[in-house]
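So the structure is just underneath, and the comments pick up after that.
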Amino acid sequence: MKFKLALLCAAAAAAMAAAPALHAKPFKWTSASDIPTLDIHSQNNALGNGVHAAVYDSLVYYDSKTFKPEAQLATSWREITPTQVRFNLRQGVKFSDGTPFTADDVVFSITRAMAKSSNYQVYTQGISRVVKVNDSTVDFIMSGPNPVLLNQLTELRIMSKAWAEKNRSVDPKDIRTKDETFAHRNAMGTGQYMVKEWKPDERLILVKNPNYWGRTDSNVTEVIYTPIKSEATRVAALLSGEVDFVLDPSPQDLPRIRGSNALKVMDGVENRTIFFGLDQFRDELPGSNIKGRNPLKDQRVRQALYQAIDSDALHKVTMRGLSQPTGTLVAPQVAGWTEDLHRRLPYSQDAAKKLLADAGYPQGFEVDFACPNNRYINDEEICQAVTAMWSRIGVRAKLRTLPLVTYFPMIQRYEASIYMLGWGVPTFDALYSLQSLTRSVVPGTGDGNYNVGRFKNDRMDVVVDRIKVETDLPVRNRLLTEGLKISNDQVSHIPLHNQIIPWAMKRNVEVTHRADNRLDWRLIKVN
(Lines give C-alpha, C1' and ligand atoms only; values in the text may rest on other atoms or scores of the structure.)
Protein backbone atom coordinates (compact mmCIF):
# COMPACT_ATOMS: atom_id res chain seq x y z
CA MET A 1 0.00 0.00 0.00
CA LYS A 2 1.46 3.30 -1.06
CA PHE A 3 -0.13 6.41 0.37
CA LYS A 4 0.29 9.73 -1.39
CA LEU A 5 -0.30 13.21 -0.10
CA ALA A 6 -3.95 13.84 -0.73
CA LEU A 7 -4.03 17.59 -0.66
CA LEU A 8 -1.75 20.32 -1.90
CA CYS A 9 -1.43 23.54 0.06
CA ALA A 10 -3.50 25.41 -2.49
CA ALA A 11 -6.29 22.85 -2.26
CA ALA A 12 -6.19 22.99 1.51
CA ALA A 13 -6.52 26.77 1.39
CA ALA A 14 -9.46 26.48 -0.98
CA ALA A 15 -11.21 24.03 1.35
CA MET A 16 -10.90 26.57 4.14
CA ALA A 17 -12.34 29.38 2.07
CA ALA A 18 -15.74 30.79 2.85
CA ALA A 19 -18.73 29.35 1.07
CA PRO A 20 -20.09 31.28 -1.89
CA ALA A 21 -22.96 33.64 -1.19
CA LEU A 22 -26.20 31.89 -2.06
CA HIS A 23 -29.82 32.55 -1.26
CA ALA A 24 -30.46 30.55 1.93
CA LYS A 25 -33.06 27.80 1.70
CA PRO A 26 -34.43 24.94 3.82
CA PHE A 27 -34.25 21.39 2.49
CA LYS A 28 -37.12 19.06 3.38
CA TRP A 29 -36.73 15.37 2.60
CA THR A 30 -38.16 11.98 3.48
CA SER A 31 -37.75 8.21 3.23
CA ALA A 32 -39.53 5.20 4.71
CA SER A 33 -37.63 4.83 7.96
CA ASP A 34 -35.96 6.92 10.61
CA ILE A 35 -32.31 6.77 11.53
CA PRO A 36 -31.75 4.25 14.36
CA THR A 37 -29.47 6.46 16.46
CA LEU A 38 -27.35 9.62 16.48
CA ASP A 39 -24.46 7.65 18.02
CA ILE A 40 -21.85 7.45 15.26
CA HIS A 41 -20.30 4.19 16.52
CA SER A 42 -23.46 2.29 17.49
CA GLN A 43 -25.48 0.83 14.60
CA ASN A 44 -23.87 0.50 11.17
CA ASN A 45 -26.87 1.60 9.12
CA ALA A 46 -26.55 3.28 5.73
CA LEU A 47 -29.32 5.84 6.25
CA GLY A 48 -27.93 6.73 9.65
CA ASN A 49 -24.37 6.94 8.33
CA GLY A 50 -25.47 9.37 5.65
CA VAL A 51 -27.17 11.62 8.19
CA HIS A 52 -24.23 11.36 10.60
CA ALA A 53 -21.99 12.71 7.83
CA ALA A 54 -23.91 16.00 7.96
CA VAL A 55 -22.99 16.49 11.63
CA TYR A 56 -19.70 14.65 12.06
CA ASP A 57 -16.60 14.51 9.86
CA SER A 58 -14.17 11.67 9.23
CA LEU A 59 -10.46 11.87 8.48
CA VAL A 60 -11.20 11.17 4.81
CA TYR A 61 -14.43 11.04 2.82
CA TYR A 62 -15.41 10.03 -0.70
CA ASP A 63 -15.48 12.54 -3.52
CA SER A 64 -19.05 12.19 -4.82
CA LYS A 65 -17.98 12.15 -8.47
CA THR A 66 -14.83 9.99 -8.44
CA PHE A 67 -15.55 7.98 -5.28
CA LYS A 68 -11.93 8.24 -4.31
CA PRO A 69 -11.13 9.11 -0.68
CA GLU A 70 -10.26 12.77 -0.26
CA ALA A 71 -8.97 14.76 2.70
CA GLN A 72 -11.43 15.90 5.33
CA LEU A 73 -10.21 16.20 8.94
CA ALA A 74 -6.86 14.86 7.77
CA THR A 75 -4.94 16.93 5.23
CA SER A 76 -2.33 14.34 4.26
CA TRP A 77 -1.05 10.88 5.13
CA ARG A 78 1.99 8.75 4.43
CA GLU A 79 3.22 5.28 5.12
CA ILE A 80 6.02 5.19 7.70
CA THR A 81 6.24 1.39 7.53
CA PRO A 82 3.83 -1.15 6.01
CA THR A 83 2.08 -1.27 9.40
CA GLN A 84 2.33 2.40 10.44
CA VAL A 85 0.50 5.20 8.67
CA ARG A 86 0.87 8.82 9.77
CA PHE A 87 -1.98 11.32 9.36
CA ASN A 88 -1.54 15.08 9.54
CA LEU A 89 -4.70 16.68 10.94
CA ARG A 90 -6.40 19.83 9.76
CA GLN A 91 -5.57 22.69 12.09
CA GLY A 92 -7.98 25.38 13.21
CA VAL A 93 -11.02 23.08 13.16
CA LYS A 94 -13.57 23.49 15.94
CA PHE A 95 -16.46 21.40 17.12
CA SER A 96 -19.86 23.08 16.99
CA ASP A 97 -19.53 24.06 20.66
CA GLY A 98 -16.39 26.04 19.81
CA THR A 99 -13.86 23.64 21.35
CA PRO A 100 -10.80 22.72 19.23
CA PHE A 101 -10.43 19.45 17.33
CA THR A 102 -7.16 17.67 18.20
CA ALA A 103 -5.38 14.35 17.94
CA ASP A 104 -6.91 13.32 21.27
CA ASP A 105 -10.34 13.25 19.61
CA VAL A 106 -9.06 10.99 16.82
CA VAL A 107 -7.45 8.52 19.23
CA PHE A 108 -10.61 8.49 21.36
CA SER A 109 -13.01 8.07 18.41
CA ILE A 110 -11.19 5.21 16.67
CA THR A 111 -10.79 3.44 20.02
CA ARG A 112 -14.51 3.99 20.68
CA ALA A 113 -15.37 2.45 17.30
CA MET A 114 -13.40 -0.65 18.38
CA ALA A 115 -15.40 -1.08 21.61
CA LYS A 116 -17.42 -4.25 22.24
CA SER A 117 -20.71 -2.35 22.00
CA SER A 118 -19.76 -0.81 18.65
CA ASN A 119 -21.18 -2.11 15.38
CA TYR A 120 -18.36 -0.46 13.43
CA GLN A 121 -15.57 -2.96 14.07
CA VAL A 122 -15.70 -4.05 10.45
CA TYR A 123 -14.25 -0.60 9.65
CA THR A 124 -11.51 -0.88 12.29
CA GLN A 125 -10.34 -4.33 11.15
CA GLY A 126 -6.55 -4.38 10.87
CA ILE A 127 -6.13 -1.36 13.19
CA SER A 128 -4.30 -2.29 16.39
CA ARG A 129 -4.31 1.18 17.91
CA VAL A 130 -4.01 4.88 17.16
CA VAL A 131 -1.16 6.85 18.74
CA LYS A 132 -0.97 10.59 19.27
CA VAL A 133 2.29 12.02 17.90
CA ASN A 134 1.36 15.63 18.72
CA ASP A 135 -1.84 17.71 18.73
CA SER A 136 -2.03 17.67 14.93
CA THR A 137 -0.55 14.26 14.08
CA VAL A 138 -1.61 10.66 14.71
CA ASP A 139 -0.16 7.29 13.75
CA PHE A 140 -2.33 4.32 12.88
CA ILE A 141 -0.57 1.14 14.00
CA MET A 142 -1.79 -1.83 11.99
CA SER A 143 -1.76 -5.55 12.73
CA GLY A 144 -0.63 -6.06 9.14
CA PRO A 145 -0.63 -4.21 5.81
CA ASN A 146 -4.09 -2.90 4.97
CA PRO A 147 -4.77 -1.88 1.36
CA VAL A 148 -8.28 -0.56 2.14
CA LEU A 149 -7.52 1.51 5.24
CA LEU A 150 -8.55 4.80 3.61
CA ASN A 151 -11.84 3.29 2.44
CA GLN A 152 -12.57 2.09 5.96
CA LEU A 153 -11.83 5.50 7.43
CA THR A 154 -14.58 7.14 5.35
CA GLU A 155 -17.12 5.63 7.79
CA LEU A 156 -15.24 6.29 11.04
CA ARG A 157 -16.41 9.71 12.17
CA ILE A 158 -14.79 11.78 14.89
CA MET A 159 -16.46 12.64 18.20
CA SER A 160 -15.22 15.11 20.82
CA LYS A 161 -13.47 13.22 23.61
CA ALA A 162 -14.32 15.94 26.16
CA TRP A 163 -17.99 16.01 25.13
CA ALA A 164 -18.34 12.22 25.35
CA GLU A 165 -16.66 12.08 28.74
CA LYS A 166 -18.76 14.96 30.09
CA ASN A 167 -21.97 13.29 28.91
CA ARG A 168 -21.20 9.71 29.91
CA SER A 169 -20.98 8.50 26.32
CA VAL A 170 -17.46 7.05 26.31
CA ASP A 171 -18.85 3.73 25.06
CA PRO A 172 -21.26 3.44 22.11
CA LYS A 173 -24.87 2.44 22.63
CA ASP A 174 -25.32 -1.33 22.28
CA ILE A 175 -28.03 -1.79 19.64
CA ARG A 176 -28.99 -5.20 21.06
CA THR A 177 -30.26 -3.63 24.29
CA LYS A 178 -32.68 -0.84 25.18
CA ASP A 179 -30.08 1.00 27.23
CA GLU A 180 -29.34 4.51 25.95
CA THR A 181 -26.41 6.89 26.16
CA PHE A 182 -26.52 10.68 25.79
CA ALA A 183 -24.92 10.29 22.36
CA HIS A 184 -27.89 8.20 21.18
CA ARG A 185 -30.23 11.22 21.10
CA ASN A 186 -27.69 14.06 20.96
CA ALA A 187 -24.79 14.99 18.71
CA MET A 188 -21.89 17.42 18.57
CA GLY A 189 -19.40 17.27 15.73
CA THR A 190 -17.28 19.34 13.36
CA GLY A 191 -19.62 18.90 10.40
CA GLN A 192 -21.62 21.27 8.29
CA TYR A 193 -24.76 21.02 10.45
CA MET A 194 -25.83 20.70 14.08
CA VAL A 195 -28.79 18.78 15.49
CA LYS A 196 -31.50 21.19 16.60
CA GLU A 197 -34.13 18.54 17.31
CA TRP A 198 -34.66 14.79 16.91
CA LYS A 199 -37.99 13.21 17.73
CA PRO A 200 -37.62 9.56 16.64
CA ASP A 201 -40.11 8.52 13.94
CA GLU A 202 -41.35 12.13 13.70
CA ARG A 203 -38.66 14.51 12.50
CA LEU A 204 -35.01 15.46 12.60
CA ILE A 205 -34.00 19.11 12.22
CA LEU A 206 -30.44 20.17 11.42
CA VAL A 207 -29.20 23.76 11.32
CA LYS A 208 -25.96 25.29 10.07
CA ASN A 209 -22.88 24.92 12.24
CA PRO A 210 -21.45 28.46 12.70
CA ASN A 211 -18.03 26.97 13.42
CA TYR A 212 -17.89 24.80 10.28
CA TRP A 213 -14.36 24.80 8.88
CA GLY A 214 -15.00 23.75 5.29
CA ARG A 215 -16.18 25.12 2.00
CA THR A 216 -19.63 24.22 0.75
CA ASP A 217 -21.50 24.88 -2.49
CA SER A 218 -24.82 24.36 -0.72
CA ASN A 219 -27.29 27.14 0.05
CA VAL A 220 -29.22 24.98 2.51
CA THR A 221 -29.31 26.44 6.01
CA GLU A 222 -31.84 24.07 7.57
CA VAL A 223 -32.43 20.35 6.89
CA ILE A 224 -35.77 18.85 7.92
CA TYR A 225 -36.10 15.07 7.69
CA THR A 226 -39.52 13.45 8.14
CA PRO A 227 -39.72 9.64 7.99
CA ILE A 228 -42.92 8.52 6.22
CA LYS A 229 -43.52 4.77 6.12
CA SER A 230 -46.42 4.84 3.65
CA GLU A 231 -45.28 4.89 0.02
CA ALA A 232 -48.42 6.71 -1.12
CA THR A 233 -48.07 9.34 1.60
CA ARG A 234 -44.40 9.98 0.73
CA VAL A 235 -45.25 10.62 -2.90
CA ALA A 236 -48.26 12.74 -1.95
CA ALA A 237 -45.96 14.88 0.22
CA LEU A 238 -43.68 15.44 -2.78
CA LEU A 239 -46.55 16.19 -5.18
CA SER A 240 -48.08 18.69 -2.74
CA GLY A 241 -44.76 20.44 -2.13
CA GLU A 242 -44.63 19.43 1.53
CA VAL A 243 -41.18 17.91 0.91
CA ASP A 244 -38.47 18.68 -1.64
CA PHE A 245 -36.91 15.24 -1.99
CA VAL A 246 -37.80 11.54 -1.61
CA LEU A 247 -34.91 9.13 -1.18
CA ASP A 248 -36.93 6.00 -1.92
CA PRO A 249 -39.98 6.55 -4.15
CA SER A 250 -41.88 3.35 -4.84
CA PRO A 251 -41.45 1.84 -8.33
CA GLN A 252 -45.19 2.01 -9.01
CA ASP A 253 -45.27 5.76 -8.38
CA LEU A 254 -42.38 6.67 -10.66
CA PRO A 255 -44.39 7.10 -13.90
CA ARG A 256 -46.59 9.70 -12.19
CA ILE A 257 -43.58 11.53 -10.80
CA ARG A 258 -41.78 11.50 -14.15
CA GLY A 259 -44.91 12.89 -15.77
CA SER A 260 -45.00 15.96 -13.54
CA ASN A 261 -43.52 19.17 -14.89
CA ALA A 262 -42.67 20.26 -11.35
CA LEU A 263 -40.69 17.11 -10.46
CA LYS A 264 -37.77 15.06 -11.71
CA VAL A 265 -36.23 11.64 -11.08
CA MET A 266 -32.53 10.70 -10.95
CA ASP A 267 -31.74 7.00 -11.48
CA GLY A 268 -28.64 5.08 -10.46
CA VAL A 269 -27.45 1.61 -9.49
CA GLU A 270 -26.68 1.26 -5.81
CA ASN A 271 -23.79 -0.86 -4.55
CA ARG A 272 -26.27 -2.70 -2.32
CA THR A 273 -27.30 -6.33 -2.71
CA ILE A 274 -30.56 -7.65 -1.25
CA PHE A 275 -30.48 -11.25 -0.02
CA PHE A 276 -31.83 -13.73 2.51
CA GLY A 277 -29.77 -15.18 5.34
CA LEU A 278 -30.51 -18.50 6.99
CA ASP A 279 -29.92 -19.91 10.48
CA GLN A 280 -27.28 -22.60 9.97
CA PHE A 281 -26.34 -22.84 13.64
CA ARG A 282 -29.24 -24.11 15.75
CA ASP A 283 -29.88 -27.85 15.88
CA GLU A 284 -33.63 -27.16 15.84
CA LEU A 285 -35.43 -24.13 14.45
CA PRO A 286 -37.84 -22.36 16.83
CA GLY A 287 -41.44 -22.64 15.62
CA SER A 288 -40.70 -25.24 12.94
CA ASN A 289 -42.66 -28.47 12.66
CA ILE A 290 -39.37 -30.33 12.15
CA LYS A 291 -38.09 -31.45 15.55
CA GLY A 292 -34.54 -32.46 16.40
CA ARG A 293 -33.15 -31.19 13.09
CA ASN A 294 -32.49 -27.91 11.32
CA PRO A 295 -33.32 -28.20 7.61
CA LEU A 296 -31.38 -25.01 6.85
CA LYS A 297 -28.09 -26.69 7.78
CA ASP A 298 -28.43 -28.80 4.63
CA GLN A 299 -26.97 -27.13 1.53
CA ARG A 300 -29.58 -28.91 -0.62
CA VAL A 301 -32.39 -27.24 1.32
CA ARG A 302 -30.79 -23.81 0.99
CA GLN A 303 -30.37 -24.36 -2.75
CA ALA A 304 -33.98 -25.51 -3.03
CA LEU A 305 -35.18 -22.28 -1.44
CA TYR A 306 -32.91 -20.36 -3.86
CA GLN A 307 -34.13 -22.15 -7.00
CA ALA A 308 -37.78 -21.80 -5.96
CA ILE A 309 -37.52 -18.01 -6.26
CA ASP A 310 -38.59 -16.61 -9.62
CA SER A 311 -36.19 -13.67 -9.81
CA ASP A 312 -37.57 -12.54 -13.17
CA ALA A 313 -41.04 -12.19 -11.67
CA LEU A 314 -39.65 -10.22 -8.74
CA HIS A 315 -37.77 -7.98 -11.17
CA LYS A 316 -40.68 -7.34 -13.54
CA VAL A 317 -43.69 -7.35 -11.21
CA THR A 318 -42.61 -6.57 -7.66
CA MET A 319 -39.73 -4.22 -8.52
CA ARG A 320 -41.20 -2.81 -11.79
CA GLY A 321 -37.80 -3.28 -13.44
CA LEU A 322 -35.90 -1.39 -10.74
CA SER A 323 -33.58 -4.23 -9.75
CA GLN A 324 -30.65 -6.17 -11.13
CA PRO A 325 -31.09 -9.90 -10.36
CA THR A 326 -27.83 -11.41 -9.12
CA GLY A 327 -26.34 -14.66 -7.93
CA THR A 328 -23.72 -13.21 -5.60
CA LEU A 329 -23.39 -11.02 -2.51
CA VAL A 330 -21.85 -7.91 -4.10
CA ALA A 331 -22.70 -5.49 -6.90
CA PRO A 332 -20.59 -4.95 -10.05
CA GLN A 333 -18.93 -1.81 -8.61
CA VAL A 334 -17.28 -3.90 -5.89
CA ALA A 335 -13.77 -5.39 -6.19
CA GLY A 336 -14.03 -9.19 -6.43
CA TRP A 337 -17.23 -9.26 -8.52
CA THR A 338 -17.21 -11.29 -11.75
CA GLU A 339 -19.82 -12.06 -14.39
CA ASP A 340 -19.66 -15.78 -13.54
CA LEU A 341 -20.40 -15.10 -9.88
CA HIS A 342 -23.23 -12.75 -10.88
CA ARG A 343 -25.04 -15.49 -12.89
CA ARG A 344 -27.96 -16.95 -10.92
CA LEU A 345 -28.88 -20.58 -10.56
CA PRO A 346 -31.91 -21.31 -12.77
CA TYR A 347 -35.41 -20.93 -11.39
CA SER A 348 -36.99 -24.38 -11.24
CA GLN A 349 -39.73 -25.61 -8.93
CA ASP A 350 -39.05 -29.18 -10.05
CA ALA A 351 -35.36 -28.93 -9.18
CA ALA A 352 -36.25 -27.35 -5.85
CA LYS A 353 -38.73 -30.11 -4.98
CA LYS A 354 -36.17 -32.79 -5.85
CA LEU A 355 -33.52 -31.14 -3.68
CA LEU A 356 -35.96 -31.06 -0.76
CA ALA A 357 -36.88 -34.72 -1.28
CA ASP A 358 -33.21 -35.73 -1.50
CA ALA A 359 -32.59 -33.88 1.77
CA GLY A 360 -35.42 -35.78 3.47
CA TYR A 361 -38.18 -33.17 3.29
CA PRO A 362 -40.48 -34.31 0.46
CA GLN A 363 -43.44 -32.57 2.12
CA GLY A 364 -41.50 -29.42 2.89
CA PHE A 365 -41.53 -27.83 6.35
CA GLU A 366 -42.58 -24.80 8.36
CA VAL A 367 -40.07 -22.03 9.02
CA ASP A 368 -39.92 -18.57 10.59
CA PHE A 369 -39.32 -15.78 8.05
CA ALA A 370 -38.55 -12.20 9.14
CA CYS A 371 -38.33 -9.08 6.99
CA PRO A 372 -38.18 -5.31 7.48
CA ASN A 373 -41.11 -3.28 6.23
CA ASN A 374 -39.51 0.16 5.87
CA ARG A 375 -35.84 -0.31 4.98
CA TYR A 376 -35.40 -1.47 1.37
CA ILE A 377 -37.36 -0.78 -1.79
CA ASN A 378 -40.54 -2.91 -1.63
CA ASP A 379 -39.00 -5.06 1.10
CA GLU A 380 -42.31 -6.31 2.53
CA GLU A 381 -43.74 -6.92 -0.95
CA ILE A 382 -40.66 -8.97 -1.92
CA CYS A 383 -41.04 -11.16 1.15
CA GLN A 384 -44.75 -11.67 0.53
CA ALA A 385 -44.03 -12.75 -3.05
CA VAL A 386 -41.26 -15.13 -1.98
CA THR A 387 -43.49 -16.64 0.72
CA ALA A 388 -45.97 -17.56 -2.03
CA MET A 389 -43.17 -18.99 -4.22
CA TRP A 390 -41.85 -21.18 -1.41
CA SER A 391 -45.35 -22.47 -0.67
CA ARG A 392 -45.39 -24.05 -4.13
CA ILE A 393 -42.58 -26.41 -3.11
CA GLY A 394 -44.11 -27.17 0.29
CA VAL A 395 -42.11 -24.72 2.41
CA ARG A 396 -44.55 -22.88 4.65
CA ALA A 397 -42.77 -19.67 5.64
CA LYS A 398 -44.40 -17.87 8.57
CA LEU A 399 -43.75 -14.29 7.52
CA ARG A 400 -43.45 -11.49 10.07
CA THR A 401 -42.45 -7.95 9.19
CA LEU A 402 -41.02 -5.32 11.52
CA PRO A 403 -39.91 -1.68 11.32
CA LEU A 404 -36.20 -0.99 10.99
CA VAL A 405 -35.65 0.15 14.56
CA THR A 406 -36.78 -3.18 16.01
CA TYR A 407 -35.85 -5.45 13.11
CA PHE A 408 -32.08 -5.02 13.15
CA PRO A 409 -31.57 -5.47 16.91
CA MET A 410 -33.79 -8.57 16.64
CA ILE A 411 -31.73 -10.30 13.94
CA GLN A 412 -28.51 -9.37 15.73
CA ARG A 413 -29.82 -11.31 18.72
CA TYR A 414 -30.11 -14.31 16.35
CA GLU A 415 -33.91 -14.40 16.66
CA ALA A 416 -34.81 -15.15 13.01
CA SER A 417 -34.61 -18.43 11.07
CA ILE A 418 -34.68 -16.79 7.63
CA TYR A 419 -34.18 -13.03 7.36
CA MET A 420 -33.83 -10.33 4.71
CA LEU A 421 -30.77 -8.11 4.62
CA GLY A 422 -29.47 -5.52 2.18
CA TRP A 423 -25.72 -4.99 2.20
CA GLY A 424 -24.09 -1.92 0.75
CA VAL A 425 -20.32 -1.82 0.46
CA PRO A 426 -18.91 1.55 1.59
CA THR A 427 -15.35 0.37 0.94
CA PHE A 428 -16.21 -0.83 -2.62
CA ASP A 429 -14.22 -3.97 -1.74
CA ALA A 430 -15.71 -7.45 -1.20
CA LEU A 431 -13.71 -7.96 2.00
CA TYR A 432 -16.29 -5.77 3.72
CA SER A 433 -19.06 -8.21 2.73
CA LEU A 434 -17.13 -11.43 3.21
CA GLN A 435 -15.80 -10.46 6.63
CA SER A 436 -19.19 -9.24 7.88
CA LEU A 437 -21.48 -11.82 6.31
CA THR A 438 -19.54 -15.08 5.81
CA ARG A 439 -16.56 -15.07 8.20
CA SER A 440 -17.13 -17.11 11.36
CA VAL A 441 -18.36 -14.95 14.21
CA VAL A 442 -15.63 -13.66 16.52
CA PRO A 443 -17.26 -11.50 19.24
CA GLY A 444 -15.61 -8.15 19.82
CA THR A 445 -14.26 -7.93 16.25
CA GLY A 446 -15.71 -7.14 12.84
CA ASP A 447 -15.59 -10.85 11.91
CA GLY A 448 -19.12 -12.08 11.27
CA ASN A 449 -20.71 -8.97 12.75
CA TYR A 450 -23.72 -9.46 10.46
CA ASN A 451 -23.33 -13.22 9.95
CA VAL A 452 -26.52 -13.63 11.93
CA GLY A 453 -27.23 -17.00 10.31
CA ARG A 454 -23.85 -18.09 11.73
CA PHE A 455 -22.64 -19.72 8.53
CA LYS A 456 -19.25 -21.36 9.07
CA ASN A 457 -16.73 -22.63 6.52
CA ASP A 458 -13.07 -23.23 7.41
CA ARG A 459 -11.75 -22.35 3.96
CA MET A 460 -13.77 -19.13 3.95
CA ASP A 461 -12.15 -18.11 7.24
CA VAL A 462 -8.68 -18.74 5.83
CA VAL A 463 -9.45 -16.75 2.66
CA VAL A 464 -10.95 -13.78 4.52
CA ASP A 465 -8.06 -13.59 6.98
CA ARG A 466 -5.54 -13.63 4.14
CA ILE A 467 -7.40 -10.93 2.20
CA LYS A 468 -7.12 -8.63 5.21
CA VAL A 469 -3.34 -8.33 4.82
CA GLU A 470 -2.75 -9.18 1.13
CA THR A 471 -1.30 -6.20 -0.75
CA ASP A 472 -0.56 -7.86 -4.11
CA LEU A 473 -3.65 -6.68 -6.01
CA PRO A 474 -3.94 -9.56 -8.55
CA VAL A 475 -3.56 -12.11 -5.74
CA ARG A 476 -5.98 -10.18 -3.55
CA ASN A 477 -8.62 -9.99 -6.29
CA ARG A 478 -8.34 -13.75 -6.84
CA LEU A 479 -8.91 -14.31 -3.14
CA LEU A 480 -11.92 -11.99 -3.13
CA THR A 481 -13.42 -13.94 -6.01
CA GLU A 482 -12.63 -17.26 -4.31
CA GLY A 483 -14.42 -16.13 -1.16
CA LEU A 484 -17.50 -15.09 -3.13
CA LYS A 485 -17.44 -18.42 -5.00
CA ILE A 486 -17.36 -20.36 -1.71
CA SER A 487 -20.42 -18.38 -0.64
CA ASN A 488 -22.16 -19.20 -3.93
CA ASP A 489 -21.25 -22.91 -3.87
CA GLN A 490 -22.28 -23.39 -0.24
CA VAL A 491 -25.38 -21.18 -0.60
CA SER A 492 -24.32 -19.30 2.50
CA HIS A 493 -27.08 -16.83 1.61
CA ILE A 494 -29.76 -16.51 -1.08
CA PRO A 495 -28.95 -13.48 -3.27
CA LEU A 496 -31.87 -11.66 -4.85
CA HIS A 497 -30.85 -8.46 -6.62
CA ASN A 498 -28.84 -5.27 -6.60
CA GLN A 499 -31.00 -2.24 -5.90
CA ILE A 500 -31.54 0.41 -8.55
CA ILE A 501 -32.15 3.64 -6.72
CA PRO A 502 -34.35 6.39 -8.15
CA TRP A 503 -34.35 9.69 -6.29
CA ALA A 504 -37.41 11.90 -6.75
CA MET A 505 -37.35 15.65 -6.17
CA LYS A 506 -38.64 19.06 -7.15
CA ARG A 507 -37.09 20.47 -10.29
CA ASN A 508 -35.44 23.29 -8.36
CA VAL A 509 -33.38 20.84 -6.26
CA GLU A 510 -29.80 20.02 -7.26
CA VAL A 511 -28.11 16.94 -5.80
CA THR A 512 -25.38 14.51 -6.86
CA HIS A 513 -26.53 10.89 -7.09
CA ARG A 514 -24.21 8.47 -5.28
CA ALA A 515 -23.87 4.69 -5.52
CA ASP A 516 -24.02 4.48 -1.71
CA ASN A 517 -27.49 6.07 -1.78
CA ARG A 518 -26.63 9.01 0.42
CA LEU A 519 -26.75 12.75 -0.03
CA ASP A 520 -23.60 14.84 -0.16
CA TRP A 521 -24.60 17.73 2.06
CA ARG A 522 -21.89 19.97 0.59
CA LEU A 523 -23.49 19.89 -2.85
CA ILE A 524 -27.23 20.29 -2.25
CA LYS A 525 -28.86 23.41 -3.70
CA VAL A 526 -32.47 24.54 -3.59
CA ASN A 527 -32.94 27.15 -6.32
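List of remarks:
- Computed from Cα atoms, the angle from the helix 349-358 axis to the main principal axis of the chain rounds to 70 degrees.
- As a calculated quantity, the FRET efficiency between residue 256 and residue 350 at R0 = 25 Å, using C-beta atoms, amounts to about 0.05.
- For region 59-115, with +1 on Lys and Arg beta carbons and -1 on Asp and Glu, the positive-most of 82, 93, 115 along the dipole: 82
- Rel. contact order, % - alpha carbon contacts under 8 angstrom, at least six apart, region 308-417: 27 percent
- Karplus-derived 3J(HN,Hα) values for region 274-283, using 6.51 cos²θ - 1.76 cosθ + 1.60 with θ = phi - 60°, are 9, 7, 10, x, 9, 5, 10, 10, 5, 7 Hz; glycine and proline are entered as x.
- Cα Rg, Dmax (largest Cα-Cα span) when computed across the chain, Å: 23.0, 71
- Checking the cross-link pairs 229/264; 94/208; 94/199 against a 24 Å limit on the alpha carbon distance flags 94/199 as lying beyond it.
- Gyration tensor (alpha-carbon) shape descriptor, region 284-412, a/c threshold 1.5: oblate
- Residues of the chain: accessible area per residue with a 1.4 Å probe, Å²: 38 Å²
- Of the residues 234, 215, 507, the one with the largest accessible area comes first in the ranking 507, 215, 234, computed with a 1.4 Å probe on protein heavy atoms.
- Accessible-area value, residue 159, 1.4 Å probe, nucleic acids and ligands omitted, Å²: 0 Å²
- Applying 1/(1 + (r/R0)^6) with R0 = 25 Å to the Cβ-Cβ distance of residue 201 and residue 177 gives a FRET efficiency near 0.80.
- Between region 291-339 and region 349-428, the alpha-carbon centres lie 11 Å apart.
- Relative contact order for region 123-235: 13 percent, from Cα pairs under 8 Å spaced at least 6 residues apart, divided by residue count.
- Cα point-scatterer Debye curve for region 390-441, base-10 log of I(q)/I(0) at q = 0.13, 0.22, 0.24, 0.29 Å⁻¹: -0.47, -0.98, -1.03, -1.14
- For residue 25, the aspartates and glutamates whose Cα falls under 17 Å of its own Cα, not counting residues fewer than eight places away in the same chain, are 217, 222, 242, 244, 510, 520.
- Region 363-405, relative contact order in percent, only Cα pairs under 8 angstrom and at least six apart counted: 56 percent
The values are calculated or read from the model by the stated rules, or taken from the named source; none is laboratory data. Note that the structure is a prediction, hence the values are computed from the model and not measured. All Cβ positions, glycine included, derive from the backbone under ideal geometry; neighbour counts span all protein chains shown. These accessible areas exclude ligands, DNA and RNA; they are computed on the full protein's heavy atoms, side chains included. Shrake-Rupley method; radii C 1.70, N 1.55, O 1.52, S 1.80 Å.
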